[in-house]
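The values are calculated or read from the model by the stated rules, or taken from the named source; none is laboratory data. Quick caveat, the model's predicted, so the values are computed rather than measured. Reconstructed Cβ throughout: ideal geometry from the backbone, glycine too, with neighbour counts over all protein chains shown. Just so you know, the surface numbers come from the protein's heavy atoms only, side chains and all, with ligands and any DNA or RNA stripped out. Shrake-Rupley method; radii C 1.70, N 1.55, O 1.52, S 1.80 Å.
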Amino acid sequence: IVLGNALVDMYTKCGNLSKAQEVFDILPKRDVVSWNALIAGYAQYGHCNEVFQCFDQMRREGLSPSALTLSCVLKACGSIQSAEKGESIHAYIKDDLLCNDVLVGTALVDMYSKCGSIRDALKVFSTLESRDIVSWSAMIAGFAWNGDYDMAFRHLMYMQQDGFKPNEVTFISL
């Protein structure tokens, strides 16, 4: 299973998604790592329908998604600006108590921002138990994405007060 997962991951990272799917399909046993490799590849290259199909199939097979799985699915929701799908994933996450994971929380902030629900993005951001430079940058980018430049710069100040220095991503958003 480790070798199979490594092959799926390698093919997705090389952009050969059809070969990754082919290897995935013949794996005698699949785990959450197998699914994550495939889902992350599809999400990376913007194949959102495949992300959703894999996510649904993974759950049908009885596997619980990890924080990485959920962040990839939320990325796909944001890419196609599907607030409805994103909200259903958010409801699922609340049931699984993964909302406090900084990776999942940041993906929620990004998804809500890209779907135009900056209020929901800020609500998620405000409830994160811990924040990092990525979550701060996602919130700042969300304000910029939605045209609220004053709040973007205000959150830059809050981020610095919280002890984080802006990085390249933060500056690109600003």
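Selection of the range 128-169 for residues being at pLDDT 95 or above, under 21 Å from Asp101 (Cβ atoms) and of a type in the set (A, V, I, L, M, F, W, C) yields Ile133, Val134, Trp136, Ala138, Met139, Ile140, Ala141, Met159, Phe164.
Could you tell me whether Glu84 is touching a helix residue (DSSP H, G or I) at 6+ places or on another chain (Cβ under 9 Å), charged (D, E, K, R), assigned to a helix (DSSP H, G or I) and more than 25 Å from Val2 (Cα to Cα)? Against the criterion (touching a helix residue (DSSP H, G or I) at 6+ places or on another chain (Cβ under 9 Å), charged (D, E, K, R), assigned to a helix (DSSP H, G or I) and more than 25 Å from Val2 (Cα to Cα)), Glu84 qualifies. The single condition among (1) over 21 Å from Ala37 (Cα atoms); (2) open to solvent by less than 30 Å² (accessible area, probe 1.4 Å) that Ile172 does not satisfy is (2). All of Asp9, Asp31 fail the test of being closer than 21 Å to Lys75 by Cβ and of a type outside the set (S, T, N, Q), apart from Asp9. One residue stands out in the range 106-135 among those that are assigned to a helix (DSSP H, G or I) and charged (D, E, K, R): the one that is most open to solvent (accessible area, probe 1.4 Å), namely Arg119.
Residues to consider are Ala91, Ala138, Ala144; find the one that is buried (at least 20 other Cβ atoms within 10 Å of the Cβ) and without any contact (Cβ under 8 Å) to a residue 40 or more places away in the chain. I'd like the intermediate steps shown before the answer.
Working: Ala91 fails: buried (at least 20 other Cβ atoms within 10 Å of the Cβ); Ala144 fails: buried (at least 20 other Cβ atoms within 10 Å of the Cβ).
Step by step, each of Ala91, Ala138, Ala144 is checked, and only Ala138 is buried (at least 20 other Cβ atoms within 10 Å of the Cβ) and without any contact (Cβ under 8 Å) to a residue 40 or more places away in the chain.
Residue pairs whose Cβ atoms lie under 9 Å apart, separated by 6 or more positions or on different chains, with the first residue in the range 56-75 and open to solvent by 20 Å² or more (accessible area, probe 1.4 Å) and in a helix (DSSP H, G or I) and the second modelled with pLDDT under 95 and among the aromatic types (Phe, Trp, Tyr), are Arg59/Tyr92.
For the range 45-55, the tally of residues that are of a type outside the set (S, T, N, Q), assigned to a helix (DSSP H, G or I) and open to solvent by 60 Å² or more (accessible area, probe 1.4 Å) stands at 1.
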